[in-house]
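Peer 1: Structure provided below as structure tokens; questions to follow.
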Amino acid sequence: MSLLVTKFGGTSVANPERVLAVARRLVRYQEEGHRVVAVVSAMGKSTDDLVALAHEVNSSPPARELDILLSTGEIVSMSILAMAIASLGAKAQSFTGQQAGIVTTTRHNKARISHIKAVRLERALDEGNIVIVAGFQGTTRTGELTTLGRGGSDTSAVALAAALGADLCEIYSDVDGVYTADPRAVPRARKLDTVSYDEMLELAASGAGVLQMRAVEFARNFKVHLRCRSAFSDDAGTLIKEEAVEQAIVSGIAYDNSEAKVTIRGVPDTMGIAAGVFGAIAKAAINVDMIVQNISEHGFTDISFTVPGDELERLRPVLNEQVAKLGAREYLVDESITKLSLVGAGMRTNPGIAAKMFKVLSQNNINIEMISTSAIRISVIIDAEKATVAQQALHTAFDLDSEQIFQETALSKEELEAKAKKGR
Ligand code: ADP
Ligand code: ASP
Ligand code: MG
């Protein structure tokens, strides 16, 4: 008998009909002889609604209280799904993160799973239940509620799969797998049958929202067999594994609208300046992604870097202090940027990919503001308005285009609009 851990995202459980469809699928898997665990996200966009509600009473809600509020979203869906399964005559029990034994670090809103005491879930499985677990949440050693960062239910599922020794972990969402680009931005995106952990990690880190990066890290570290599938079809989806069968030079393109670019202008070019600025930002626990320091002119230089857009408010006082301290002229913030990344294991052995990328962008009149690379990734910062054109041009230039155009299966107009706004 095999153990299957599944995860259903917000869209997949957005309304009672979809919850019942998930319930029928899970009962079918149990009837086929699997032990079944299902991790669920909050229904539809209810996490966004809860965040908005918090901001109506406090523009910077205390992180601890926000976690308690946000954890309710997943509790609604887990209990509703258990009820739906019961209505079909099968046995199900739902568990909060705490009840499931998910122990995390203490960082509210961005906690990491440190370990899972899964005895209670194992007992429920032994008793013949389909086990439902609230995603995205856990508790610290001292019993404080935490959440795992947006998209964190993916990580709950993979961590549970590792802890329970599952044979397979399936992440169900509204697309039938991992594509060569977000199919909503690049309609000619092609579905990949397999993708390697390393490539998926770079894609997720570069903004491909189909899987949370931490989930891929867990899967790689604990050798969890991971599959991305659609909750609305029986398509086999994409298998994420050690080495992909297709060793394409470029396997995919990802974009990320969530960063903002900061430029400190007129910085006196003396020793220790960068250490001072980035030391102060690090002390505020704000992650810096890309950094560029311009050539100095007459003893002054400009330093540009990117940070998560949602950290800007916390960053401003740090920058004000640093500008005064350094005797710099000013700082500018540009929120209208996109990070565009090309990812492919074949880059390791094929030179010239960066040059080709830059050429395609320049042929399309797209200015590159910053560049960064890893062994299997090249990222550039460009004007957000050019992001769609850039992705489509690169997709074609690197021979990724599919014959078919992506067909939407289940989402309503409102759901698609909400998705388009995601990431800002
Ligand atoms: P869920 O709410 O189920 O977790 P998400 O919205 O987090 O679903 O993730 C699925 C979405 O990820 C898709 O609707 C798609 O628009 C987006 N996406 C971004 N990049 C990719 C990609 N490379 N392949 C597939 N989907 C992608
Ligand atoms: N509900 C949470 C979110 O919207 C977690 C998740 O969906 O994975 O981010
Ligand atoms: Mg998600």
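Peer 1: Going by what's in this entry, would ALA166 be described as within 16 Å of ligand 3 (Cβ to nearest atom), at pLDDT 95 or above and closer than 22 Å to GLU31 by Cβ?
Peer 2: Criteria not met by ALA166.
Peer 1: Right, here's the next one. Tell me which of these GLU74 doesn't satisfy, since it passes every other one: (1) touching a residue at least 60 places away in the same chain (Cβ under 8 Å); (2) within 27 Å of ARG120 (Cα to Cα); (3) surrounded by fewer than 24 Cβ atoms within 10 Å (Cβ to Cβ).
Peer 2: It fails just one condition, (3).
Peer 1: What number of residues within segment 390-415 are in a helix (DSSP H, G or I), of a type outside the set (Gly, Ala, Ser) and under 23 Å from the mean Cα position of the chain (by Cα)? Can you show your working first?
Peer 2: Here is the first cut: in segment 390-415, the ones in a helix (DSSP H, G or I) are 390-397, 413-415.
Those left that are additionally of a type outside the set (Gly, Ala, Ser): 391-392, 394-396, 413-415.
Checking which are under 23 Å from the mean Cα position of the chain (by Cα) leaves us with 391-392, 394-395, 413-415.
Residues meeting the conditions: 7.
Peer 1: Please report, ordered by residue number, the helices (runs of 4 or more DSSP H) entirely within segment 1-108 with at least 1 residues that are among the basic types (Lys, Arg) and touching an Asp or Glu at 6+ places or on another chain (Cβ under 8 Å).
Peer 2: On the way: elements: 16-31, 46-57, 63-87.
The helices (runs of 4 or more DSSP H) meeting that bar are 63-87.
Peer 1: Between a residue in segment 371-385 that is closer than 17 Å to GLU335 by Cβ and in contact (Cβ under 8 Å) with a residue 60 or more places away in the chain and any residue that is part of a strand (DSSP E or B) and basic (Lys, Arg), which pairs come within a Cβ distance under 6 Å, given they are 6 or more apart or on different chains?
Peer 2: Short answer, once both residue conditions are applied: ILE381/LYS339.
Peer 1: From the list SER77, SER87, SER60, pick out the single residue that is within 16 Å of ligand 3 (Cβ to nearest atom) and hydroxyl-bearing (Ser, Thr, Tyr).
Peer 2: None of the others qualify; the one that does is SER77.
Peer 1: One residue is enough: does segment 239-248 have a residue meeting the conditions without any contact (Cβ under 8 Å) to a residue 12 or more places away in the chain and away from ligand 3 (no atom under 16 Å from the Cβ)?
Peer 2: Looking for residues that are without any contact (Cβ under 8 Å) to a residue 12 or more places away in the chain and away from ligand 3 (no atom under 16 Å from the Cβ), one finds none in segment 239-248, hence no.
Peer 1: So which residues in segment 31-49 are surrounded by fewer than 19 Cβ atoms within 10 Å (Cβ to Cβ) and away from ligand 1 (no atom under 15 Å from the Cβ), if there are any at all?
Peer 2: GLU31, GLU32, GLY33
Peer 1: Residues of segment 220-229 being buried (at least 19 other Cβ atoms within 10 Å of the Cβ) and either in a loop (DSSP other than H, G, I, E, B) or small (Gly, Ala, Ser) (or both), which ones?
Peer 2: Result: VAL224, single match.
Peer 1: Here's something else I'd like to know. Restricting attention to segment 159-177, and to residues there that are part of a strand (DSSP E or B) and more than 15 Å from MET200 (Cβ to Cβ), which single residue is nearest to the chain's Cα centre (by Cα)?
Peer 2: Ranking the candidates gives TYR172 first.
The values are calculated or read from the model by the stated rules, or taken from the named source; none is laboratory data. None of the values given here were measured: they were computed from a predicted structure. Cβ: placed from backbone, ideal geometry, glycine included. Neighbour counts: every protein chain shown.
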